[in-house]
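> Below you will find the structure I want to go over with you.
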Amino acid sequence: MKTSVMVKRFAQHIFILPLVIGLSFIFIPIGLVVFVISLSVVLFLKHSISNDIMKDAEINKDLFIRIRKMVSKRVTKEDIINDLSGACDEKSVDKMIYYFRDTSMTSLTTTLIAFAILFVILMATGGAEKPVIYLYPEKETDVLVELDYQGKIIADYPDYDEEIGGWSVTAYPDGKVVDKRDGKEYEYIFWEGEFNKKVNWDLSTGFAVKGEDTREFLQNKLSLMGMTPKEYNEFIVYWYPRMKNNPYNLIHFAGKEYVDSAPLNITPKPDSVLRVFMVYKPLNHKVDIVEQEIIPFERKGFTVVEWGGTEL
């Protein structure tokens with residue numbers, strides 16, 4: 001078999017790859033790009049493979065199509081030769097059977113494995129979902145919030161200012177902020193992003209919680225941390241619908257690994273900062289895990305509170 005055919009024959013079934021990738025990632029812009037590019041490559045490879053096989057088997061296009069159809073229908077070699085009435089010798093039929101039958105399972109398996117690896121790589125990076133930042137100065141204060149996120153910000157409200165790497169706002173003691181660029185009032189600063197590399201979350205400690213008990217669990221733990229009812233209610237309203245139907249949820253509140261992935265620099269410097277980032281994984285059954293210690297947060301002076309999370 002030619003080297004070019006050996007390298008490319010896995011593409012006999014690779015048309016599955018762009019379809020599955022496209023469907024899996026169509027909810028993000030890159031999904032459509034991946035689909036179009038990979039489909040174009042696949043069509044080119046399939047055309048090139050067909051030409052190589054016809055040349056190697058020494059048959060024309062009409063015979064190629066006839067034999068391929070019979071091979072795909074599992075017609076025996078003897079019946080194929082008889083049907084062709086001498087138009088093709090046994091050696092050529094053997095090669096066609098090898099290309100389209102004997103290698104098909106290997107090609108399909110290779111494609112599915114490649115997709116699985118790609119899927120894991122793309123999805124393992126995860127992201128920071130709906131982090132919101134509350135600012136509570138003791139008096140009306142102009143505040144610069146700089147976020148050095150190790151990834152791509154995909155949603156923001158108000159708009160993330162690329163020039164300053166964050167937001168320039170006027171903050172008030174009740175938590176409201178006014179964006180200096182558009183002059184509009186917001187309840188908090190919202191952002192969402194995708195990490196540019198996999199974060200090694202420390203899941204050595206945490207909690208295994210029944211899905212139906214997640215609401216009460218979050219209310220108790222978030223209150224213990226020092227979040228106000230308004231803050232933890234908004235947290236629960238966002239996350240609980242995603243978690244309640246899971247048999248169990250493995251929950252960990254990230255520390256240094258999150259702070260290092262999304263450094264936050266605020267000017268003037270706050271007197272107290274609470275950053276709550278929940279990492280959770282749906283489980284089919286309960287697992288044993290060392291319970292994570294929850295350290296209460298003390299609010300004093302200019303206080304900043306942030307919450308967000310991600311699903312593994």
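> Within segment 154-175, how many residues turn out to be closer than 19 Å to VAL273 by Cβ and among the β-branched types (Val, Ile, Thr)? Steps first, answer last, please.
From segment 154-175, those closer than 19 Å to VAL273 by Cβ are 165-169, 171-175; that's our starting set.
Those still in the list that are among the β-branched types (Val, Ile, Thr) too: 169.
Number of matching residues: 1.
> Right, something else. Look through ALA171, ALA155 and report the one residue that is small (Gly, Ala, Ser), in the same structural domain as LYS300 (by TED's automatic domain parsing), closer than 18 Å to LEU264 by Cβ and modelled with pLDDT under 95.
Sole residue among the options that is small (Gly, Ala, Ser), in the same structural domain as LYS300 (by TED's automatic domain parsing), closer than 18 Å to LEU264 by Cβ and modelled with pLDDT under 95: ALA155.
> Let me confirm something: among GLU234, GLU216, GLU163, which residue is over 18 Å from TRP307 (Cα atoms) and of a type in the set (Asp, Glu)?
Numbers: GLU234 fails: over 18 Å from TRP307 (Cα atoms); GLU216 fails: over 18 Å from TRP307 (Cα atoms).
Residue meeting the stated conditions: GLU163.
> Go through ILE164, ILE117, ILE133, ILE121 for me and flag whichever is at pLDDT 90 or above, hydrophobic (A, V, I, L, M, F, W, C) and over 25 Å from MET227 (Cα atoms).
Working: ILE117 fails: at pLDDT 90 or above; ILE133 fails: over 25 Å from MET227 (Cα atoms); ILE121 fails: at pLDDT 90 or above.
Checking each option against the conditions leaves just ILE164.
> Hey, can you tell me all the residues within segment 211-255 that are closer than 24 Å to VAL290 by Cα and free of Cβ contacts under 8 Å to residues at least 12 places away in the same chain?
ASP213, GLU216, ASN220, SER223
> Does segment 252-266 include one or more residues that are in contact with a helix residue (DSSP H, G or I) (Cβ under 8 Å, 6 or more places away or on another chain) and at pLDDT 95 or above?
Among the residues of segment 252-266, at least one is in contact with a helix residue (DSSP H, G or I) (Cβ under 8 Å, 6 or more places away or on another chain) and at pLDDT 95 or above, which makes the answer yes.
> Right, next: Exactly one of these conditions fails for PRO263: (1) surrounded by fewer than 17 Cβ atoms within 10 Å (Cβ to Cβ); (2) touching a Leu at 6+ places or on another chain (Cβ under 9 Å); (3) farther than 30 Å from THR170 by Cα. Give me its number.
Among (1) surrounded by fewer than 17 Cβ atoms within 10 Å (Cβ to Cβ); (2) touching a Leu at 6+ places or on another chain (Cβ under 9 Å); (3) farther than 30 Å from THR170 by Cα, PRO263 violates only (3).
The values are calculated or read from the model by the stated rules, or taken from the named source; none is laboratory data. What you are looking at is a predicted structure, and each value in this text was computed from that prediction instead of being measured. Positions of Cβ are backbone-derived with ideal geometry, glycine not excepted, and every protein chain shown enters the neighbour counts.
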